[in-house]
1. Taking the Cα centroid of the stretch 57-78 and of the stretch 93-149, what is the distance between the two, rounded to the nearest whole Å?
2. With the Cα gyration tensor of the stretch 69-142 giving a ≥ b ≥ c as the square roots of its eigenvalues, does the rule (a/c under 1.5 for rounded; else a/b larger than b/c for prolate; else oblate) give rounded, prolate or oblate?
3. Can you tell me, using C-alpha contacts under 8 Å and at least 6 residues apart, the relative contact order of the stretch 19-90 as a whole percent?
4. Mean shadow of the chain, computed from the convex hull of its alpha carbons, in nm²?
5. Taking θ = phi - 60°, what integer Hz values does the Karplus form 6.51 cos²θ - 1.76 cosθ + 1.60 yield along the stretch 19-36, in sequence order, with x for Gly and Pro?
6. Find the relative contact order for the stretch 26-165 and round it to a whole percent, using C-alpha pairs within less than 8 Å whose residues are 6+ positions apart.
7. Which of ASN141, ASN45, ASN105 moves most in a GNM of the chain, Cα contacts under 10 Å?
8. In the stretch 26-165, how many lysine pairs have Cα atoms under 23 Å apart, counting only pairs 8 or more places apart or on different chains?
Amino acid sequence: MSAKPTSPCTGTGGDDTATVPVPVTPIDRVVLEIRKFIAAAIFFNAQTAERAGLGLTDMQMLHMLQLYGPSTPGKLGIWTGLSSGGVTVVLDRLEKAGYVQRKRNPADRRSLLITLIPVRMRKLASLYEEVESDTRRLLANLPQGDLEAVIRFFEALQAARERTET
């Protein structure tokens, strides 16, 4: 009987999943740093959403629309993992708050396109200016080759995520 491999960053295979062991390999270190970053980003977005008078899910939906452009509710459901009912509830709140509008989809009259209302989004942008500026400052200190490696990594990560969505 062979021992199950363990991952220091997830605790997988070990007895204690309540703590994260010290990373051993560079991959362990990267995974751990990604987990830390994601956790901090979620809390940052939750606090920012609260300051804007929005829920975290509402704020994340606005991010998806900002990143991917006008989208159908079905596509938003795929990207977010929300049910069609969940997407509708979020879009109802965002429409009522003046952040989005529903328009007929010119490519398919049976569906809608959800679009952002730019004037409302400008108010939200100020909440992210400092963190974006700090991020740009940190990235400006990296050599071009490192930046390209970071880009390739995030593109590969996104491609893997998209494959699991279809």
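1. The two parts, judged by their Cα centres, are 10 Å apart.
2. Here the stretch 69-142 falls in the prolate category.
3. About 17 percent, as a whole number.
4. Orientation-averaged projected area of the Cα hull: 14.0 nm².
5. Each residue of the stretch 19-36 in turn: 10, 9, x, 4, x, 9, 9, x, 5, 4, 5, 5, 4, 5, 5, 5, 4, 4 Hz.
6. Here the relative contact order equals 17 percent.
7. Ranking ASN141, ASN45, ASN105 by mean-square fluctuation puts ASN141 first.
8. Qualifying lysine pairs in the stretch 26-165: 4.
Only the coordinates and a few stated rules stand behind these numbers; no lab work does. All of these numbers come straight from a predicted model, not from anything done at the bench.
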